[in-house]
Structure formats: structure tokens, C-alpha cells
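Here the structure is laid out as C-alpha cells; the discussion comes afterwards.
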């Protein structure tokens with residue numbers, strides 16, 4: 001399923017919806033002008049993404065290992081390897097220009113996990129910046145070769161620019177969706193906490209706990 005197919009809405013289960021309630025993929029794609037032609041342009045870079053993504057991920061994880069604020073989210077090198085493998089699979093959907101049901105589910109999982117472990121969006125965005133930096137550099141070098149902008153390009157400049165711009169749009173869409181889920185999950189958690197604090201049982205427990213108790217009896 002691509003941008004020209006039926007678009008899926010990302011929504012919370014009934015009765016437990018976040019502030020944004022629904023995440024309309026179709027509306028986002030339309031606003032960003034990421035249409036079927038754009039998705040086809042992304043696919044012209046698929047082989048490059050498959051070849052260069054492991055290098056970009058290695059650069060990201062090298063930076064991660066030097067940043068205690070982010071490294072603490074990974075318990076071991078095996079944990080990092082699993083995360084890297086999951087990212088490889090997710091980027092397959094991106095490089096396919098495929099924003100259908102499978103993509104939506106993966107994004108929901110990513111955003112939910114980030115919210116659960118407390119991984120702030122700044123680290124997610126920073127990681128994508130490192131990966132995209134490598135992919136763009138590799139794409140330019142591949143298209144223009146050692147002769148730079150004055151050599152004969154492998155793709156026509158207009159087609160290449162369209163493909164690269166479409167890939168950037170897809171990455172920004174990906175970040176938008178994951179962070180939106182993160183925000184929704186945070187709002188849900190706050191509402192649950194407020195409900196617990198305002199429930200009669202919570203008020204009763206707080207009142208009873210505050211009472212002075214005889215020394216012979218344990219406090220609650």
C-alpha cells in the first residue's frame with residue numbers, strides 16, 4: 001500500500017484516546033505533497049538506502065555510545081543490535097514509499113515504546129539527523145561521482161532533487177507520527193494519574209494515612 005492507496009488513521013483504543021485522538025496519514029501526505037509520484041521517486045533511492053543505512057546507523061550508535069543521556073536506554077550491545085535490526089526493517093517501508101497498515105503499526109509501536117521508557121523526542125530527532133546526513137551525502141556522491149556537481153549525473157538533476165526531497169519529506173513524516181504518538185501517550189498517562197488522584201479511594205487513603213495512629217499499630 002502506497003500513498004495512492006487507502007490511508008490509515010492511527011487512533012487510540014475507545015475510551016482511552018489522547019489529545020490528538022486520531023492521526024490521519026492521508027491528511028499529512030496531502031499537506032506535505034507526498035503523493036504517488038513522490039513515493040515513486042523515493043523508490044529510485046531504495047538500493048542506496050539499503051546499502052548506506054547500515055553505515056548511517058553505525059554512525060548514530062557510535063554517537064549514542066558517547067552520550068550517557070541516551071546510552072542508558074540500552075542495556076547491552078545485544079540490545080543495540082536488536083534496535084538496529086528493527087530500524088532496518090522500518091526503513092524498508094520508508095524506502096518503499098509505503099505508508100500503509102504495516103508502517104502505521106510500526107510507528108505506533110515506536111512512539112509507544114519511546115513514551116514508556118521516557119526517551120525524549122530530542123534524541124529521536126537527533127538520531128534521524130545523523131542518519132539522514134549520511135544518506136544525503138552518499139546520494140550526492142553516488143549521483144555526481146568524483147567530479148562533483150560538474151560531472152555527468154547518474155540521474156537527471158531534477159529527478160534526483162525530487163527523489164532526495166521526497167525522502168526528506170518521508171523522514172519528517174516519520175518523525176512527526178512517532179512524536180505525535182509519544183505526546184498522545186504522555187497525555188493518556190497524565191489523565192490516568194489525575195483520575196487515580198481524584199478517585200474516592202485515593203481521597204480515603206490519603207485521609208486515613210494522614211491520621212495519627214497509636215504507636216502499637218502500624219501506619220498504612
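Of the conditions (1) exposed (fewer than 14 other Cβ atoms within 10 Å of the Cβ); (2) within 19 Å of the chain's Cα centre (by Cα), residue 175 clears all except one; give me its number.
(1)
For the range 29-38, give me each residue that is surrounded by 20 or more Cβ atoms within 10 Å (Cβ to Cβ) and assigned to a helix (DSSP H, G or I).
Filtering the range 29-38 down to residues surrounded by 20 or more Cβ atoms within 10 Å (Cβ to Cβ) leaves 29, 34, 38.
Correct list: 29, 38.
The numbers here are math on the coordinates, done by the rules we state, and not lab data. Just so it is clear, the structure is predicted and the values come from calculations on it, not from any experiment. Please note: Cβ atoms are built from the backbone with ideal geometry, for glycine as well, and neighbour counts cover all protein chains shown.
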